[in-house]
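Just below is one structure, and these are the notes that go with it.
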Amino acid sequence: MANNPQVVIFQEDEKALNYRYKLDYPTGPNILVKSLEHDYEEFKEKNKIISNNRVNDKTVYFLHPYKDNVYVDESIGENYFLEEKLELYKRAASLLGAKSISTKVSLMERQSITTDANGEVNYNAIKLEAGSKSKIENNYKNSLEIFEEFETQDNFNKERNIDDLYKFIETNNLDHELGLVTLIERRDSRQSGTLLTKRTVKSEITSEYNNLLEVSAKLNSPVFSVSGGYKRKLQEVNTLMVDIEFIF
């Protein structure tokens, strides 16, 4: 994949030019600060932008975790990224010949992200009462728990699909998704002579989104102008696990 910065923020021209002299620590290579007046049009020409708002001097974009030159307005929220992660598994299910796929969501922990005077990012645990945890989990379950069934057609070709999935994994830098990679390998019977018929994969579905929040946390400084909604996201960072059951 292209070596693009994970976070891009647009600011007023003077602030974009001079923030380095006011910030006590470097933002690092994963954050790019650009001028709204002079840089946005070029940025838009070079990248696909997914947004539901007009760009302004507080706009923060997150790089899509596995799509080149695609940036997502952070105001769209975490559900976009979580649903994109689930789409990976749903796509694999259909290409591997699954009869069904279902998910179960659980909340592991809630934390806040802070940055100290040296720019070091810290996670701080938030204690959750049982009732509060259940309420949060139920909100996620309503949007993320799925059950889908598939029926293969005459043109279904498992081996061709598996080869395509291997290429997809390599092209989109998804080798770290061991649950997905192993699922594909276990459905490839050309060498082993055995064929997986059922598996439950565990995935920390929030990992990519939370990493983007962590990278961007250095923007939560008086030097930068960011929205209140963005600041609230750093105060309540959830870690979600999803059990994904495949039946073939």
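The values are calculated or read from the model by the stated rules, or taken from the named source; none is laboratory data. Just so you know, these numbers come straight off a predicted model, no measurement behind them. So basically every Cβ, Gly included, is an ideal-geometry build from the backbone, and we count neighbours across all protein chains shown. The protein model used for the area step is the full one, side chains on, heavy atoms only, and it has no ligands, DNA or RNA in it. Shrake-Rupley method; radii C 1.70, N 1.55, O 1.52, S 1.80 Å.
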Legend entry - 222 nm mean residue ellipticity, helices alone, for the chain (DSSP H n ≥ 4; -39,500 (n - 2.57); rounded to 500): -12000 deg cm²/dmol
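Taking all protein chains as present, what is the carbon and sulfur share of the accessible area of segment 185-236, in % to the nearest whole number, probe 1.4 Å?
Values: 1110 of 2700 Å².
On segment 185-236, the fraction of accessible area on carbon and sulfur atoms equals 41 percent.
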Legend entry - Rh (Kirkwood; distinct C-alpha pairs) - the chain, Å: 20.1 Å
Inset, instruction - Please report how far the C-alpha centroid of segment 70-87 lies from that of segment 1-51, rounded to the nearest whole angstrom. - result: 20 Å
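Applying 1/(1 + (r/R0)^6) with R0 = 41 Å to the Cβ-Cβ distance of H176 and E41, what FRET efficiency is obtained, to the nearest 0.05? Each step should come with its number before you reach the end.
On the way: r = 35 Å, r/R0 = 0.84.
It comes out at approximately 0.75.
Tell me, what is the FRET efficiency for E129 and I247 to the nearest 0.05, using R0 = 45 angstrom and their Cβ-Cβ distance as r? Can you show the working numbers first?
Values: r = 36 Å, r/R0 = 0.80.
For R0 = 45 Å, the calculated efficiency reads 0.80.
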Inset, instruction - Give the carbon-plus-sulfur fraction of the accessible surface of segment 1-119 in %, rounded to a whole number; probe 1.4 Å, heavy atoms of protein chains only. - result: 44 percent
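With a ≥ b ≥ c taken as the square roots of the eigenvalues of the C-alpha gyration tensor of segment 1-135, please select rounded if a/c is under 1.5 and otherwise prolate if a/b is larger than b/c or oblate if it is not? Don't skip to the answer; put the middle values down first.
Numbers: a/c = 2.44, a/b = 1.36, b/c = 1.80.
Oblate.
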Inset, instruction - Hand me the GluC sites (Glu not before Pro) from segment 48-142 located in a DSSP loop with no more than 16 other Cβ atoms within 10 Å, in residue order please. - result: E120, E129
Legend entry - Residue pairs, from the table K99/K167; K15/K231; K67/K133; K135/K167; K34/K135; K46/K99, whose Cα atoms sit over 30 Å apart: K67/K133; K135/K167; K34/K135; K46/K99
Legend entry - Probe 1.4 Å, protein heavy atoms only - accessible area per residue of the chain in square angstrom: 55 Å²
Inset, instruction - Give me the distance in nm between label points sitting 7 Å out from Cα along the Cα-to-Cβ direction at R199 and R91, one decimal. - result: 1.8 nm
Legend entry - segment 209-248: equivalent-ellipsoid semi-axes (sqrt of 5 x gyration tensor eigenvalues, Cα, Å): 32, 10, 7
Inset, instruction - Work out, step by step, the length gained on full extension between N30 and S192: first 0.36 nm times the residue separation, then minus their alpha carbon distance; give nm to one decimal. - result: 54.2 nm
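Counting DSSP beta bridges with both partners in the chain, what percentage is antiparallel, nearest 5?
Numbers: 33 of 41 bridges.
Around 80 percent antiparallel, to the nearest 5.
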Legend entry - About the Cα centre, charge dipole magnitude for the chain (Lys/Arg +1, Asp/Glu -1 at Cβ), debye: 500 debye
Legend entry - S207/D68 FRET efficiency (R0 22 Å; Cβ-Cβ; nearest 0.05): 0.65
